[in-house]
1. Are there any pairs with C-beta distances below 9 angstrom linking a residue in the stretch 238-267 that is among the aromatic types (Phe, Trp, Tyr) to a residue that is surrounded by 15 or more Cβ atoms within 10 Å (Cβ to Cβ), with the two at least 6 apart or on different chains, and if so which?
2. Which one is nearest to Ala93 (Cα to Cα) among residues in the stretch 136-188 that are out of contact with any Cys (no Cβ under 6 Å at 6 or more places or on another chain) and β-branched (Val, Ile, Thr)?
3. Are there any helices (runs of 4 or more DSSP H) wholly within the stretch 207-325 with 1 or more residues that are of a type in the set (S, T, N, Q) and surrounded by 14 or more Cβ atoms within 10 Å (Cβ to Cβ), and if so which?
4. Considering the stretch 104-147 alone, what residues qualify as being in contact with a His (Cβ under 7 Å, 6 or more places away or on another chain) and crowded, with 22+ Cβ neighbours inside 10 Å?
5. Could you grab me the full set of residues in the stretch 78-124 that are in a loop (DSSP other than H, G, I, E, B) and touching a residue at least 40 places away in the same chain (Cβ under 8 Å)?
6. Go through the residues of the stretch 277-292 one by one and say whether even a single one is more than 24 Å from Glu330 (Cα to Cα) and in contact (Cβ under 8 Å) with a residue 40 or more places away in the chain.
7. Touching an Asp or Glu at 6+ places or on another chain (Cβ under 8 Å) and under 28 Å from Ala246 (Cα atoms) - does that describe any residue in the stretch 179-194?
8. Only one of (1) farther than 13 Å from Gly261 by Cβ; (2) touching a Phe, Trp or Tyr at 6+ places or on another chain (Cβ under 8 Å); (3) touching a residue at least 24 places away in the same chain (Cβ under 8 Å) fails for Val296. Which number is that?
Amino acid sequence: MGMTYIKYFSTFSPIASAMSPKHEKIGGFTIGATEGQKAENSNLEIQESDRSSMGDHQMAKGEEFERKAEKKVTGWGLFGSKHEDAADLYKKAANSFKLAKSWDRAAMVNIKLANCNLKLGSKHEAASAYVDAANCYKKTSPKQAISCLDQAVNMFLEISRLNMAARYCKEIGELYEKQENFDQAIVYFERSADLFQTEEVTTSANQCRLKVAQFSAQSGKYPKAIKIYEEIARHSLNNNLLKYGARGHLLNAGICQLCKGDVVAITNALEKYQDMDPTFSRTREYKLLADLAAAVDEEDVAKFTAAIKEFDSITQLDAWRTTLLLRVKETLKAKELEEDDLT
């Protein structure tokens, strides 16, 4: 009975069939397949061929549009008219290259389009073309994308489109953040925050300032981070919709205070935060900071760890807070070792 079942399973089971070495998959196609699978392979081949053919067709179109645009720019004709015609052709070329997924070619043509628009005196159109170039370069070269966005920002500033300049400063900051170039990210998030604030777009300005605080703390610039977190907490407390989030900003400021290692400053900060928000002393965030401050004062690593575990069991600490608290813990451990060496 057992042998019969095994024979039946190995002969008819779809699992056994799937495991059969007769059906290998190479590049998405099944080798040694049934008639149905052969038909499926054929369809896949046709689809891939169609995609390749469409890409080649769009590349050819893009090259033809670009060639015509170059001819317009270098040829004879009325100055304004020939650049308008060239700009239209460059735009078509860029779209064709994008459809062909030739991102670098699309980006380069958009830069040519930007130059055409500058000659026509249209800085807004030129800036938009640089943004399009940047969006293409984001897929291949973040460095080039940043360069194009920088050009766009400068042009938007020249025509007093501060909101647009702020938006693309923020994008540059995000690109630097992805590259983990936090010093440059800070520069552009600060510029973005200032521009948004000038336009009274406070929510966007504060989002950028929070990034500045985050990266400043990571690089050990705690006073700068503390100032930002406290200012945003104060702003949040004056807004009923944002009031609840103030405790998070005060917690971040308090963690930065702990990183400074000044016990008196930590105690003073906690008193100040209670004055800012009378409800703060009843929150878990306040209890965590108070317990951690006591542990730092007593140089008690076990107490410090227990306070974090208690808070984390209900509200998980994010990576940024965890990293900073580990710095404080390591400092406490080092002090303990020093004392052990002395004894």
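1. Tyr244/Ser236
2. Among those residues, the one meeting the criterion is Thr140.
3. Numbers: elements: 222-237, 246-260, 263-276, 284-298, 301-312.
Answer list for the stretch 207-325: 222-237, 246-260, 263-276, 301-312.
4. At the first step, the residues of the stretch 104-147 found to be in contact with a His (Cβ under 7 Å, 6 or more places away or on another chain) are 116, 119-120.
Correct list: Cys116 only.
5. Pass one, the stretch 78-124, residues in a loop (DSSP other than H, G, I, E, B): 78, 100-102, 120-122.
Correct list: Ala100, Lys101, Ser102, Leu120.
6. Narrowing the stretch 277-292 to residues more than 24 Å from Glu330 (Cα to Cα): 277-283.
Checking which are in contact (Cβ under 8 Å) with a residue 40 or more places away in the chain leaves us with 277.
Yes: the stretch 277-292 contains one or more residues that are more than 24 Å from Glu330 (Cα to Cα) and in contact (Cβ under 8 Å) with a residue 40 or more places away in the chain.
7. Here is the first cut: in the stretch 179-194, the residues touching an Asp or Glu at 6+ places or on another chain (Cβ under 8 Å) are 185.
Next, from what is left, pick out any that are under 28 Å from Ala246 (Cα atoms): 185.
Yes, the conditions are met somewhere in the stretch 179-194.
8. In the conditions (1) farther than 13 Å from Gly261 by Cβ; (2) touching a Phe, Trp or Tyr at 6+ places or on another chain (Cβ under 8 Å); (3) touching a residue at least 24 places away in the same chain (Cβ under 8 Å), Val296 misses (1) alone.
Where a number appears in this text, it was derived from the coordinates with a stated rule and is not lab data. Computed from a predicted structure; not experimentally measured. Neighbour counts are summed over all protein chains in view; Cβ atoms, including those assigned to glycine, are modelled from backbone coordinates with ideal geometry.
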